[in-house]
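Quick notes on the structure that follows.
The values are calculated or read from the model by the stated rules, or taken from the named source; none is laboratory data. Everything numeric in this text was worked out from a predicted model, so none of it was measured. All Cβ positions, even for glycine, are placed from backbone atoms using ideal geometry, and neighbour counts span all protein chains on display.
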Amino acid sequence: MTEPASAPRRAQHISRVLVTIAANVFSMALGLTVSMAGPVPVAPADDTPAASRAQPPLPATRAAPAHQAAIASAYPLASQAGQDILAAGGNAFDAAVAVSAALAVVEPSSSGLGGGGFYLLHRQADGLDIMIDAREKAPGAASRDMYLDKGGNVIENASIDGALAAAIPGEPAAFEYLARKYGKLPLRQSLQPAIRLARDGFPLYARLQGGLRFKRERMLRSPDTAKVFLTPDGAVPELGAIIKQPDLAHTLEAIADRGAKGFYAGPIAADLVAGVRADGGIWTLQDLAAYRVIERKPLFGEYHGARIVSASPPSSGGIAVLDALNILSGFDLPRYDSATRKHLIIEAMRRAYRDRAIYLGDPDFVKMPLAQLASMDYAAGQRSSIRTDKAMPSAMLPGIETEPGGTQTTHFSILDANGNRVAATISINLFFGTGFMPPKTGVLLNNTMDDFSIKPGTPNEFGLVGAAANAIAPHKRSLSSMTPTFVETPKGLMIVGSPGGSYIISMVLLGTLNYLEGMSAAEIVKYPHYHHQYLPDVVDYERGALTDGEINALQGMGHTLQVSGRPWGNMQVITWDFATGKVEAASDPRGEGVGLVY
Ligand code: DON
C-alpha cells in the first residue's frame, strides 16, 4: 500500500510539460483539432440555471419494469447504512447521504466530512440528470504561488501536508442539499447510521490498517487523529480493534440538528478554523460560511447507441471518457483481434488524456472549449493519427505522468426501486487526507489543494500537470479526475465509478466498453486494468490484463509495457436489465466492499 512518490519528482517534469503545452498549441494551430462545426454530442458547461437547461435528445427515462434496489460501496457497513435508509422509505438520494456519511466513518482514509466530491443523480420521475458539485474550494486567502518559496521553487509537501493543504470541504453541504432538494427523509434520519457507527465504533480491517501504517508518523503529529486511530502508545491497532470516533459523532449530530450550518457556522466552524490556523492554515469563518454546492449539467455523449452521462468540470473525467469513446466510435472494435483492440483503446486513452492539462479547470473561473474537445470532428482529427498496427510515440505530445492510484478516494452506486440513481465519487485526496484533524471536530482534513496546478507545469501527487486553467485562485475548485458515470442503452443501464487518481478515467472507460460488450457487473469490477496517459509513454497494466500473446503483439507495435506491482482501483457497479428487471450490484474484489440487491 503505497502513496505516490511526492514532490521531489516535480522539478524534472517542468521542461517536459512546457514542451507539452507548446506541442498542443502547435497541433491546434495545424488544425488537427478542428472546428466547432458538426455534431456536438457533449453539452458544454454553462451558467444557465440547471432547471432551465434542456435535457439531451436521447431518452432519459423508460417505462421501468419492477426491479430491485441495489447499492454497491467500498465497505459493507456503508452499503448496509444505505439499505437501512431505503428500507425506512428513503429514496436513492437519501441513501446517498447515508452511504457517504457512513463511509466518512468506516473508510476515513478515502473520504469524509473534511472532503468533497461529485454526486451524479438521475431522478426517474422526470428524467432529470444532474451533478451536484461538492468539490472543495480554495480558501479566500489562497493565492497562485502559495506553495512556492521566494525563489519560485515548490515547497516540498506544502500542498499535501498540514492544514495549509486543505481546501474548504463540500461534503457536509452536499448532505443537506441532497436531503432537502431530492430526498424524502429528514437529514437527521439519513445520518443516523453514521452517527451510530462513529459513536459505537467499528472493527479495524486490513486495508485501513495498512493505511494507518502508511500514515502513522503524520498522524502522531495531530493529537486528535492519533487519539482516534492509534493506540495510546502511538502504535497501529490490531485487526478487529474497535475504532470509535466520538468527536465525529458529535459533528455529525450538529449537521443532523442544524443542517450545513451545523458544520459551516457555529461552534464546529469555530473549532475548525481555530485548529486550521494553529496548524499554519488560512481558513476563515467567512470561507466556511460562504461554501455552497453547485448544480451542474453533466456531460452527455453517445457511443454506438449508448447514452453516456458523466461528470462535467471541475472533473476532467467525463470529457476524457467521452473523448476516448468518440475516437473509438470510428473503429469497429469487435472486428479486430484482442491485441489490436487493446492497442486501439490504448491509443484512444493516450489522446484523451492529452488536453486535460492545458484546458480544464473550474468552469466558474475558466472558459473551456468543451464542445470542441468533445466534438466528433475533433475525435476524427485525433483518430486520423492512429495506425492499427503501430503505437504512436508520445514524445511529440508529452503531458502527464502518474503512479497507480489506490483506494484513497471512494465511489458508490445506488439504484432505488423507483429507478432513481446515484453515482458518487467522493474524496479527501490522499490516504486520510492531510492526516490532520482540527481539535474537537473529529474531521480529517483533505489535501485537495494538491489537485491544483501549484506551479504551471509541475505535476501533483498523481503526476498530473496543468497550466493556468487549473492554477490556484481564491474560492476556486481544483480539477479532479473523479468520474461518476451512467451508461444507458435501449436494453439496460450501468452505474459506475472508482477511486484511483488519474487512473479513474481509464478504468471508467474500460468499464463502459466492457458493459457494452455484455459483461456482467461482477465481471466488470474484477476486470484487470491497463492504462496509458501520454507520459510516461508506457502502458501500465495489472497482472492478468494482457496475455503473453497480447504482450508480444503490443510490443511488436512499439508499445512499452510495464506490469504494475499491485492492483489498483475499487470500482462499484450496478447494472439493470430493462427487459428482465434483473439488477446486479458488484464491488471490486480488490477491496472488501459489497454490492447489495434486495
Ligand atoms: O479529485 C481527484 O482527481 C483526486 N483528488 C482523486 C484522488 C484519488 O482518487 C486517490 N485514489 N486513489
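Quick notes on this structure:
- Taking residues in segment 309-321 that are modelled with pLDDT of 95 or more, and partners anywhere that are aromatic (F, W, Y), the pairs with Cβ atoms closer than 7 Å and at least 6 places apart or on different chains are V309/F300; V309/F486; A311/F118; S315/F118.
- Screening E156, E176 for residues that are more than 16 Å from the ligand (Cβ to nearest atom), modelled with pLDDT under 95 and not in a strand (DSSP E or B) leaves exactly one candidate, E156.
- Just so you know, in segment 500-514 the residues that are part of a loop (DSSP other than H, G, I, E, B) and farther than 30 Å from T284 by Cα include one that is modelled with the lowest pLDDT, and it is S502.
- Annotation: of all residues in segment 171-209 being touching a Ser or Thr at 6+ places or on another chain (Cβ under 9 Å) and more than 20 Å from G114 (Cα to Cα), the one that is surrounded by the fewest Cβ atoms within 10 Å (Cβ to Cβ) is R207.
- Selection over segment 159-173 of residues that are modelled with pLDDT of 95 or more and acidic (D, E) gives a count of 1.
- Identity of the residue in segment 378-399, at pLDDT below 90 and in contact with a Gly (Cβ under 6 Å, 6 or more places away or on another chain), that ends up farthest from H532 (Cα to Cα): K390
- Just one of the listed residues (G565, G558) is more than 13 Å from the ligand (Cβ to nearest atom), out of contact with any helix residue (DSSP H, G or I) (no Cβ under 8 Å at 6 or more places or on another chain), in a loop (DSSP other than H, G, I, E, B) and at negative phi, namely G565.
- Conditions (1) in a loop (DSSP other than H, G, I, E, B); (2) within 16 Å of the ligand (Cβ to nearest atom): number failed by G518: (2)
- Single residue of A290, A265 found to be touching a His at 6+ places or on another chain (Cβ under 9 Å) and either within 30 Å of P363 (Cα to Cα) or among the hydroxyl-bearing types (S, T, Y) (or both): A290
- Output for segment 179-205, where each listed residue is more than 26 Å from I130 (Cα to Cα) and either assigned to a loop (DSSP other than H, G, I, E, B) or small (G, A, S) (or both): A198, G201, L204, Y205
- Residue that is nearest to K476 (Cα to Cα), among those in segment 275-305 that are in contact with a strand residue (DSSP E or B) (Cβ under 8 Å, 6 or more places away or on another chain) and in a strand (DSSP E or B): I294
- Counting only residues that are farther than 15 Å from Y303 by Cβ and within 16 Å of the ligand (Cβ to nearest atom), segment 491-504 holds 8 of them.
- G595 more than 16 Å from the ligand (Cβ to nearest atom) and not hydrophobic (A, V, I, L, M, F, W, C): yes
- Any hit, segment 347-354, residues being surrounded by fewer than 21 Cβ atoms within 10 Å (Cβ to Cβ), more than 16 Å from the ligand (Cβ to nearest atom) and of a type in the set (A, V, I, L, M): no
- For segment 510-523, the condition holds for at least one residue, the condition being that it is buried (at least 20 other Cβ atoms within 10 Å of the Cβ) and closer than 18 Å to L561 by Cβ.
- Of all residues in segment 465-490 being within 14 Å of the ligand (Cβ to nearest atom), assigned to a loop (DSSP other than H, G, I, E, B) and touching a Leu at 6+ places or on another chain (Cβ under 8 Å), the one that is modelled with the lowest pLDDT: G466
- Scope segment 412-436; condition in contact with a strand residue (DSSP E or B) (Cβ under 6 Å, 6 or more places away or on another chain) and within 9 Å of the ligand (Cβ to nearest atom); matching residues: T425, S427
- Residue match in segment 526-533 (condition: at pLDDT below 95, of a type outside the set (D, E) and part of a helix (DSSP H, G or I)): no
- Selection from segment 214-228 of residues that are without any contact (Cβ under 8 Å) to a residue 60 or more places away in the chain and surrounded by 13 or more Cβ atoms within 10 Å (Cβ to Cβ): R216, L220, A226, K227
- Being part of a loop (DSSP other than H, G, I, E, B) and under 30 Å from V487 (Cβ atoms) is a condition met by no residue of segment 235-243.
- Among the residues examined, R207 qualifies as over 24 Å from G162 (Cβ atoms) and of a type outside the set (A, V, I, L, M).
- Scanning segment 210-235 for residues that are modelled with pLDDT of 95 or more and within 17 Å of V106 (Cβ to Cβ) turns up L212, T225, V228, F229.
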